[in-house]
Amino acid sequence: MTAPIRVLVCDDQMLIRTGLVTIIDAQLDLAVAGECGDGQSAVDLARRLRPDVVLMDVRMPVLDGIEATRLLAGAAVEDPVKVLVVTTFNLDEYVYEALRAGASGFLLKDAPPAQLLQGIRTVATGAALLDPEVTRALVGRYAARIRPAGGPADLPLTPRELEVLRLIADGRSNSEIAAALVISPETVKTFVSRILAKLGLRDRVQAVVYAYRHGLAA
């Protein structure tokens, strides 16, 4: 039998934390590895327990969720932990900062339980969790501040790879990209893997931020 996905639940509101723990523990393929109510405890527990996924609230005492995420999943971390940010606000600047800090995705606290559970499973596989509409609004809102002087001409990508990257930045799924470019989903997966490898990116979240930084998204 496959071992369950181990989840560390981090939220400073006990009622919400208890609810998350109850929902997760009710699943046969998931298990709560631990829980805590502040960012420093999240970092300490994650380093000690090595969960498969950390559910991270953004606004927490002692150490906020952004800095905790950076310490667990940032670019300088040799063995990063997968972090799924859970927040009340879908246009919260802190969520965007958490994604930049290394989070693998985000969900809203009012998301249906089934969506939360699927999100945990998605992130556990190494994939990024991005809601297209929320991603466009969130990253688009802060795009101006992250664009450097560099542009598409500076990127080591083919014209087709640039097309795929633009569609990723637009929040499109692989199937939507396949339909837009009239290619198979398997070919899209190949392009996505090639883009991430060429640009040294970990996942689609980083690809979205990268695209905005290089003026590939409006």
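The values are calculated or read from the model by the stated rules, or taken from the named source; none is laboratory data. Since the structure is predicted, the reported quantities are computational estimates derived from the model, not experimental observations. So basically every Cβ, Gly included, is an ideal-geometry build from the backbone, and we count neighbours across all protein chains shown.
Quick test of your reading of the structure: Ile120 fulfils all but one of (1) at pLDDT 90 or above; (2) under 23 Å from Glu97 (Cβ atoms); (3) not assigned by TED's automatic domain parsing to the domain that holds Thr87. Name the failing condition by number.
For Ile120, the failing item is (3).
Determine whether Val53 is crowded, with 22+ Cβ neighbours inside 10 Å and out of contact with any helix residue (DSSP H, G or I) (no Cβ under 7 Å at 6 or more places or on another chain). I'd like the intermediate steps shown before the answer.
Working: crowded, with 22+ Cβ neighbours inside 10 Å: yes; out of contact with any helix residue (DSSP H, G or I) (no Cβ under 7 Å at 6 or more places or on another chain): no.
Considered against the rule, which asks whether it is crowded, with 22+ Cβ neighbours inside 10 Å and out of contact with any helix residue (DSSP H, G or I) (no Cβ under 7 Å at 6 or more places or on another chain), Val53 comes out as no.
Could you figure out which of (1) surrounded by fewer than 17 Cβ atoms within 10 Å (Cβ to Cβ); (2) over 19 Å from the mean Cα position of the chain (by Cα) isn't true of Ile177?
The one condition Ile177 does not meet is (1).
Residue check: is Ala180 at pLDDT 90 or above and not charged (D, E, K, R)?
Yes, satisfied.
If you go through region 149-165, how many residues are modelled with pLDDT under 90 and within 10 Å of Leu216 (Cβ to Cβ)?
Residues of region 149-165 that are modelled with pLDDT under 90, as a first pass: 149-156.
Now drop any that are not within 10 Å of Leu216 (Cβ to Cβ), which leaves 151-152, 155.
Residues meeting the conditions: 3.
Quick check on this structure: which one of Ile177, Ile168 is closer than 17 Å to Gly105 by Cα and assigned to a helix (DSSP H, G or I)?
Ile168
Looking at region 186-218 only, could you name the residues that are loosely packed, with under 14 Cβ neighbours inside 10 Å and free of Cβ contacts under 8 Å to residues at least 24 places away in the same chain?
Listed by number, the residues that qualify are Glu186, Lys189, Thr190, Ser193, Ala197, Gly200.
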